[in-house]
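Worksheet for the structure shown next.
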Amino acid sequence: KKILVLISGSGSNLQAIIDQVHLSDEPGNIVAVISNKADAYGLERAANAGIETSVVASKGITDRAQYDQALISEIDNYQPDLIVMAGFMRILTPEFVQHYSGKMLNIHPSLLPKYQGLNTHQRAIDANDEEHGASVHFVTEELDGGPVILQAKVPVFSDDQAEDLAARVQDQEHRIYPLAVKWFVNNRLCMQGGKAVLDDVEL
Ligand code: GRF
């Protein structure tokens, strides 16, 4: 299976997925990493792993539909079976999401459906939550609202700053995201009728 990864930044989740794909004899390979930012560190990680990279710059483009069209044309050069959003910090148009329906995964730093959107760690601290975490989900038109595949929980400690909590959550992201990708490339995971299905069981 051909995997394409979309990033905007550091790419630590990308790295976790590269490490898994390279270590094992998985039936998946990463055909390209595309960033909307030219200076994303994740592009270096990809190049170091011998993966093709490209930049579809979003800077200065205000028309969302126009940007998403450009992104679609670039992605479709690679004919991917799976698109992995790994810290890709853009809201996608319904047209984009429909084009890749059932083929797109995202990781979000909260226990969805809690805290969709930004600043999730600070919001968990402000709410005095005892636990927080990360969720892998299929991408649908609703932002951070697609069916959840897998979650990992972490404790929130009373003296936590948002950065402490973010680091704790990220360690878990690096465990669960490669696992969900592995399920997908092994044909164990799909989206059916708006639900995530693993080994024929609704999640
Ligand atoms: C992750 O925390 C992810 O949950 C969020 O963006 C961050 C990306 O980090 N969507 P990285 O670029 O994978 O290091």
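Assorted remarks:
- Stretch gain in nm, segment H22-N48, where the contour uses 0.36 nm per residue and the Cα spacing is subtracted: 8.1 nm
- FRET efficiency for the F157 to N77 pair, using the beta carbon distance and R₀ = 45 Å, is estimated at 0.45.
- Rounded to whole Hz, the Karplus (6.51, -1.76, 1.60) HN-Hα couplings of the range 133-141, x for glycine and proline: x, 9, 9, 9, 9, 6, 8, 10, 5
- Net charge in the neighbourhood of N186 (other residues with Cβ under 9 Å of its Cβ; Lys, Arg +1, Asp, Glu -1) is +2.
- Counting only alpha carbon atoms, the long axis of helix 12-23 and the longest principal axis of the chain meet at about 60°.
A short reminder: the numbers here are calculations on the coordinates, not readings from a lab. Owing to the predicted nature of the structure, the values given are computational and were not obtained by experimental measurement. Please note: Cβ atoms are built from the backbone with ideal geometry, for glycine as well, and neighbour counts cover all protein chains shown.
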